[in-house]
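What follows is one structure encoded as structure tokens, with my remarks underneath.
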Amino acid sequence: MKRAFDLLLVLGTSWLWVPLVVLLAVVVRWKLGSPVFFRQQRPGRNGVPFMMFKFRTMLETKDADGKLLPDAERLTRFGRFLRSSSLDELPELLNVLRGEMSLVGPRPLLMEYLPRYSTQQARRHEVRPGITGWAQVNGRNAISWDEKFRLDVWYVDHQSLWLDVKILATTVWTVFHRQGVSAESHATMPKFAGMESYNKSYDK
């Protein structure tokens, strides 16, 4: 039912988001140049990698040594708007159509994080990753990694069609109010380096 729900909603609203994606692609090309899309391999269900699509939000500015500048310095005002409004996530609807993602689920993070998860944290990969999720409507990037993973695993254990509808509806409210877009002093979130100790009480 979850897969059918995803397809029904994505295809049923294609008249709205497809023209928007085309329009944003033109603006991104004008404002930030090429490539328009940011593509990166991310872990999907059971950790199987897939290529995730997003709109590009940063410039490719490099320092004197040819290394990319920090994210905060490359993130433009327009790119910040795309992120705060979550419009940069729209191309992920293609990943949903391809069956690599769901509308709702734990956000797909970096491949390099896989060996850093505890056994409980890794349970977030028992379901398809989502464009939005329980962690996104309960703090987004303003909460700690610890809390984010707690919420992800809670979703895995309590997922239902009704919960997905609730998360999607709450996401609209959260995006409208631009809440939890970034962690303090970071463009989004600091990198997850793993944890030496982790509270495994996920039933709270």
The lone exception for A72 - which of (1) over 28 Å from Y113 (Cβ atoms); (2) surrounded by fewer than 16 Cβ atoms within 10 Å (Cβ to Cβ) it fails: (1)
Which residues, counting only those in segment 122-154, are assigned to a helix (DSSP H, G or I) and under 21 Å from L87 (Cα atoms)? Q136, V137, N138, R140, N141, A142
So R98, is it at pLDDT 95 or above, surrounded by fewer than 18 Cβ atoms within 10 Å (Cβ to Cβ) and closer than 20 Å to V18 by Cα: yes
Scanning segment 1-12 for residues that are surrounded by 11 or more Cβ atoms within 10 Å (Cβ to Cβ) and touching a Leu at 6+ places or on another chain (Cβ under 9 Å), the one farthest from T132 (Cα to Cα) turns out to be L11
Go through segment 1-52 and count every residue that is more than 16 Å from G79 (Cβ to Cβ), part of a strand (DSSP E or B) and of a type in the set (F, W, Y). 1
Between a first residue in segment 126-153 that is over 27 Å from L94 (Cβ atoms) and a second residue that is among the β-branched types (V, I, T), which pairs have beta carbons less than 8 Å apart while being 6 or more apart in sequence or on different chains? A142/V181
List the number of the failed condition for P35; all other conditions in (1) more than 30 Å from L114 (Cβ to Cβ); (2) surrounded by 11 or more Cβ atoms within 10 Å (Cβ to Cβ); (3) not polar (S, T, N, Q) hold. (1)
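The values are calculated or read from the model by the stated rules, or taken from the named source; none is laboratory data. Owing to the predicted nature of the structure, the values given are computational and were not obtained by experimental measurement. When we count neighbours, we look across all protein chains shown, and the Cβ atoms used for this are built from the backbone with ideal geometry, even at glycine.
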